[in-house]
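Everything below concerns the one structure shown next.
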Amino acid sequence: MKNILIIDDEINICTLLSKFLSKHGFNVDTTMTGAAALKMMKEKTFDLVLCDYRLKDTDGAQLLQDIHQINPQTIVIIITGYTDVRVAVEMVKNGAYDYLSKPLYPDEILNLVHKAFAHKESEQERMAVQPVDAGSAPEARETLLSRNQSEKNDKYVYGESEGARELIRQIKLVAPTDYSVIIFGETGTGKESVAHLIHHHSKRSSQPFVALDCGSLSKELAASELFGHEKGSFTGAIGTKIGAFEQAQGGTLFLDEISNLSYDIQVAMLRVLQEKVIRRVGSLKEIPVDVRIIVASNEKLSESVQRGKFREDLFHRFNEFTIYIPPLRERREDLPLFVASFVEQVEKELEKSCGKISPEVWKCFQQYNWPGNIRELKNIIRRACLLTPEMQEINMAALPLEMKESFAQPQEELQITGELAIMANDNDLKTVALQAEYNKIINVLKEVKYNKTKAAQLLNIDRKTLYNKLRLLNINY
């Protein structure tokens with residue numbers, strides 16, 4: 001059995017690659033620092049090392065040199081997040097077998113590992129007992145994991161921000177496995193699109209992808225939609241219905257807003273995950289199911305567990321891997337990519353050419369808080385392109401009222417929070433009202449652990465109104 005050492009300062013990557021390579025017959029150890037790796041190599045012989053170029057205590061160039069000082073026979077593959085080919089070429093010239101650029105694809109990593117061992121064996125046969133000369137390493141080859149336009153899924157726009165790159169890396173890492181995945185993110189961030197990407201890059205990609213919104217299911221209909229029902233099993237059951245689990249047989253079942261499922265359905269769901277069988281409503285027959293589960297929520301399921309709203313045992317069944325989607329306001333550098341993609345889609349939809357976006361609109365986009373995230377941006381682009389005559393510049397007049405009001409809001413109003421404390425003793429009625437409103441919103445946010453959807457419900461206002469008030473009072477949560 002070949003020994004492989006994985007060196008990466010991200011525990012998720014170490015864990016997933018370790019499980020993946022172990023499943024394919026390798027003896028795998030992991031570490032998160034270069035110093036620990038060198039210590040391990042002095043105590044144990046490793047046939048191959050997968051090493052991240054950037055580590056907290058060293059870099060790939062120095063570590064490659066140290067590894068070859070300990071054991072020149074060890075194959076080293078460098079993992080780099082940098083697209084500069086010169087870095088990778090330099091690593092190969094210095095003795096690395098090859099390099100991989102992020103995001104990572106486990107199946108292609110496996111292919112490269114097999115290729116590296118095969119190359120080493122052929123070199124040993126050709127050179128008999130002569131030591132391998134590090135200077136004779138093969139020339140740098142095109143990376144196996146280059147992200148081509150052809151690989152992109154039409155349902156998702158790849159970003160270039162740090163948060164977007166990390167998101168894609170995690171998707172590519174978990175997709176080839178059969179892990180259950182929890183996708184966490186605000187409304188409109190594209191949770192279903194991420195689920196589609198995971199399915200698209202999985203071994204189940206040729207099988208069905210079935211999506212079900214649990215937030216729209218009543219307690220009475222949930223069992224029928226998930227597990228199906230037999231004819232006559234309840235009033236209105238005029239025929240046999242195939243549920244989502246059976247529809248997704250062999251493929252992926254995506255359950256959005258999973259925290260809205262009732263307690264009874266959660267119990268039934270737990271049994272399905274444990275036994276891998278379902279029963280249609282009104283039937284005693286058990287039907288085997290082979291389905292990968294991806295669930296999504298705009299609130300942390302761990303917090304729902306703490307509040308007693310979601311079963312802890314079911315949470316742990318789902319929680320084999322969690323992906324967080326950052327909101328649009330945290331990845332503003334991706335706005336040009338999203339806008340360009342949405343404009344292209346709308347041009348096809350409307351069969352017209354949209355003009356350029358004015359500098360003022362771009363400035364508004366950069367300042368806006370985007371409470372509805374990517375979905376809101378897409379709708380705004382659709383509206384703006386529809387309202388703007390063909391080939392004319394898209395200006396502020398084409399934006400919705402709330403965006404224009406937010407953009408036109410005087411800067412001094414955004415600093416009102418700091419002034420409220422100073423003015424609290426004044427008798428001005430408007431100031432007292434603002435202070436009371438500020439205190440109420442803060443208290444409600446704390447009560448719901450800063451879940452803005454829940455806060456809006458308790459305050460009896462919609463989310464958009466809440467976000468406007470947060471901006472007005474300069475409350476940043």
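The values are calculated or read from the model by the stated rules, or taken from the named source; none is laboratory data. Remember, predicted model here, so these are calculated numbers, not experimental data. So basically every Cβ, Gly included, is an ideal-geometry build from the backbone, and we count neighbours across all protein chains shown. With ligands, DNA and RNA removed, areas are computed over all heavy atoms of the protein, side chains included. Shrake-Rupley method; radii C 1.70, N 1.55, O 1.52, S 1.80 Å.
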Asp52, sole failed condition from (1) under 20 Å from Leu110 (Cα atoms); (2) of a type in the set (Asp, Glu); (3) at pLDDT 90 or above
(3)
The condition of being open to solvent by less than 20 Å² (accessible area, probe 1.4 Å), at pLDDT 90 or above, assigned by the TED database to the domain that holds Ser206 and not β-branched (Val, Ile, Thr) holds, among Arg292, Arg311, Arg317, only for Arg292
Residues of segment 367-391 being within 26 Å of Pro326 (Cβ to Cβ), open to solvent by 80 Å² or more (accessible area, probe 1.4 Å) and at pLDDT below 90, in sequence order, are Gln367
Of the numbered conditions (1) over 25 Å from Gln170 (Cα atoms); (2) of a type outside the set (Phe, Trp, Tyr); (3) in contact with a helix residue (DSSP H, G or I) (Cβ under 8 Å, 6 or more places away or on another chain); (4) open to solvent by 40 Å² or more (accessible area, probe 1.4 Å), Arg271 fails exactly one; give the number of that condition.
(3)
When segment 13-29 is checked residue by residue, the ones that are in contact (Cβ under 8 Å) with a residue 40 or more places away in the chain, surrounded by 15 or more Cβ atoms within 10 Å (Cβ to Cβ) and assigned to a helix (DSSP H, G or I) are Ile13, Leu16, Leu17, Phe20, Leu21
Odd one out for Leu38, checked against (1) in a loop (DSSP other than H, G, I, E, B); (2) in contact with a helix residue (DSSP H, G or I) (Cβ under 9 Å, 6 or more places away or on another chain)
(1)
Report the residue count in segment 250-259 for those that are outside any strand (DSSP E or B) and either at pLDDT 95 or above or open to solvent by less than 10 Å² (accessible area, probe 1.4 Å) (or both).
3
Considering segment 74-105, residues that are under 21 Å from Glu10 (Cβ atoms) and part of a helix (DSSP H, G or I), and then whichever is modelled with the highest pLDDT, we arrive at Met91
Any idea how many residues of segment 233-249 are open to solvent by 20 Å² or more (accessible area, probe 1.4 Å) and assigned to a loop (DSSP other than H, G, I, E, B)?
9
State whether one or more residues within segment 47-62 are touching a Phe, Trp or Tyr at 6+ places or on another chain (Cβ under 6 Å) and in contact (Cβ under 8 Å) with a residue 40 or more places away in the chain.
no
Taking segment 175-232 only, how many residues are out of contact with any helix residue (DSSP H, G or I) (no Cβ under 7 Å at 6 or more places or on another chain), acidic (Asp, Glu) and either assigned to a strand (DSSP E or B) or closer than 30 Å to Gly372 by Cβ (or both)?
2
Quick check: anything in segment 30-45 in contact (Cβ under 8 Å) with a residue 40 or more places away in the chain and open to solvent by 30 Å² or more (accessible area, probe 1.4 Å)?
yes
